[in-house]
Ligand SMILES: Nc1nc2c(c(=O)[nH]1)N[C@H]1C(S)=C(S)[C@@H](COP(=O)(O)OP(=O)(O)OC[C@H]3O[C@@H](n4cnc5c(=O)[nH]c(N)nc54)[C@H](O)[C@@H]3O)O[C@H]1N2
Ligand SMILES: Nc1nc2c(c(=O)[nH]1)N[C@H]1C(S)=C(S)[C@@H](COP(=O)(O)OP(=O)(O)OC[C@H]3O[C@@H](n4cnc5c(=O)[nH]c(N)nc54)[C@H](O)[C@@H]3O)O[C@H]1N2
Ligand SMILES: [Mo]
């Protein structure tokens, strides 16, 4: 991994990751130890940091050598390997190449295009979750001053269902636990998450819990090695002996999308045992005081649970009554229960309902708002939670919009804007004509790659603010700019040479500062804040916002945030304390900012049928989930191995139950095409994958994103979340002629 970097810079850089005087690791959003001073080693954090601190450069000379059409034939892996972008570039249609321009030319050129649109609502402002609070706040301020709420962002494809579901249930769309709570929990239920790869530092906390005797139950269709056994890199003796601790005390393998049914089953058992306890004159198993004082809606949910048959629960979850009963034992055996989850829960049609069912279950025994217990959606990008907090929201609450108006004195648009799927639809239909990307890889992260490529290329304007080139940057509009920015590891100095810090919020709502330590990859780079301020000043002028002053002194941005968003009082002081500060989470103090003023049980019936069940699935069809390998960061591919799953040197694989392989008349290692659902009239195909026999429930298969986005339809979305259904894609497999093993 370090091969692309400079080893010495790399090593020094790593020692500053997540230190109070260093930068926030761009790897994931797991919390940092509150009193920790030691460096927490994380293999995948190393990859993320050294990816940015590479010695390679994507210079104007590189772009002079290759046409954009030619670069479209490259892979993201090869493109990012060219290295860090060094100068602002504009697409020249005559030569089909990106050529260097000055920052001023770029800013005025972008402003001219934006101001030529018929309506500000024809522009899309995409955000990826690495942007700092400061950059994201100015970005939403700029777009709103320009006149739109079109904020498609990566969280629309990620934890949107958690945000929506938790807001309904507890009045705040964030998790209620802190890292400390993990040290007190005696039961932790981990649903639809692969922390060994995606949140490696979380494994350390799970392992400690497990060694203390806490029970850790996992719900995951795949047996993820990292959750089963784990040698802690922090523990030198364990590493030297090659020993390992087992983490999961219970491992259940539901079928894809079966979690809501599984949790309903647990609730059914809890109610039944509670009835029995009371009938025998023993105390209730429920936290009756909590339920009476803090909740509404239990009776309706209970009626719904009782009306759900065990047949439906077993069929939909893919688990037996006995398996679900062991989960009920874990839940009832815990005095302090935490449930964590990630994409295995949020990327289905009924994800919001599933999140609410998780909250329902925790309410029953009062597991929200006390030490060692609570709800924990584990976020993806290192600042995706913060970006939403500071206003990246296509449908922001009225209090926020009014506060922006008060602070800056311009009229803020109220018409709700576009999320990711709306933005794709609008570009496809020609209603949106400009796309600006603050980081990320919109083309490769979204469903239906071919459709999105066409959508971007039909835009009048595309602008990409990035650290390295990727395929999304080659889907150029008629006018296109590629603007290079600094990353988190780099020192960001203003014109007086004073280093600036930015701030981020982790999954536990901890806000802390981040200051780079490396020399920027090129003298021409601007910070994300600098780029946004440049575009903004040229487009909307500086009458209401002094963009130049903000770009000079990020304390001014934080002062505005402090005046417009509750919880950020004394921002500039508190963020400079070691480890920063925690944003208040009302629900964790049992104050419920819901409509009823209480924590709300939801009484939603199970979906009538989900993809793996018979009515949906024709013979030969499978339900595909798209996951990350161990060697990737979303659309960034670091390498071709997925060592916990035993895959080396390739990514085009499909994990499949051996009985399904045999039933198909095929053999392990046979090569197939993955054919997507064409019910909406669009044909979808991803070519040439190897079948890998794997411990996964029948009817369910798995493979890697982004390659398989070619078969994920942009026309299907989660209820109330609008999230693409990346974990329940109906596909069939077509043998490739002459390629059998
Ligand atoms: N190294 C690294 N770190 C990362 C990322 C990365 O790409 N690389 N990405 C970051 C981002 S943006 C995010 S959102 C997170 C993602 O973190 P994860 O959610 O862990 O990511 P996925 O690889 O999508 O894994 C989904 C897991 O859920 C399981 N699963 C799938 N469907 C179901 C289901 O229906 N039920 C249950 N119970 N389980 C299911 C899968 O088998 C798999 O173990 O990681 C973040 N951290
Ligand atoms: N099929 C399928 N699709 C999915 C998912 C899935 O599980 N399955 N997961 C979804 C999820 S959870 C997410 S979060 C999205 C991710 O969607 P995105 O956030 O759009 O994608 P990333 O791959 O994280 O973005 C990588 C690019 O960001 C740029 N970059 C890196 N660091 C910086 C920086 O510091 N500043 C700037 N300006 N740019 C930078 C680089 O140019 C790099 O190429 O994908 C979603 N798509
Ligand atoms: Mo994510």
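Values quoted throughout were computed directly from the atomic coordinates according to the rules given, and no laboratory measurement underlies them. Everything numeric in this text was worked out from a predicted model, so none of it was measured. Positions of Cβ are generated from backbone atoms using ideal geometry, with glycine treated the same way; all protein chains shown enter the neighbour counts.
Numbers at a glance
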read-out: The range 631-735 shape via C-alpha gyration tensor axes, a/c threshold 1.5; value: oblate
read-out: Ellipsoid equivalent to the range 160-377 - semi-axes via the Cα gyration tensor, in Å; value: 28, 19, 18
read-out: Burial ranking of peptide ranges 636-644, 369-377 (average Cβ count within 10 Å, highest at the top); value: 369-377, 636-644
read-out: Cα long-axis angle, helix 133-146 against the chain (0 to 90 degrees, to the nearest 10); value: 70
read-out: Ascending count of other beta-carbon atoms within 10 Å, so fewest first, for 491, 565; value: 491, 565
read-out: Proxy reagent accessibility, fewest Cβ within 10 Å first, across 546, 559, 205, 153; value: 546, 559, 205, 153
read-out: Ordering of 154-160, 512-518 by burial proxy (mean other Cβ atoms within 10 Å per residue, highest first); value: 154-160, 512-518
read-out: Proxy reagent accessibility, fewest Cβ within 10 Å first, across 98, 481, 633; value: 633, 481, 98
read-out: Angle in degrees between helix 528-540 and the longest Cα principal axis of the chain, rounded to the nearest 10; value: 60
read-out: More than 49 Å apart - percent of Cα-Cα pairs taken over the chain; value: 12
read-out: q = 0.15, 0.24, 0.25 Å⁻¹: log10 I(q)/I(0) that the Debye formula gives for the range 418-473, counting C-alpha atoms only; value: -0.36, -0.95, -1.03
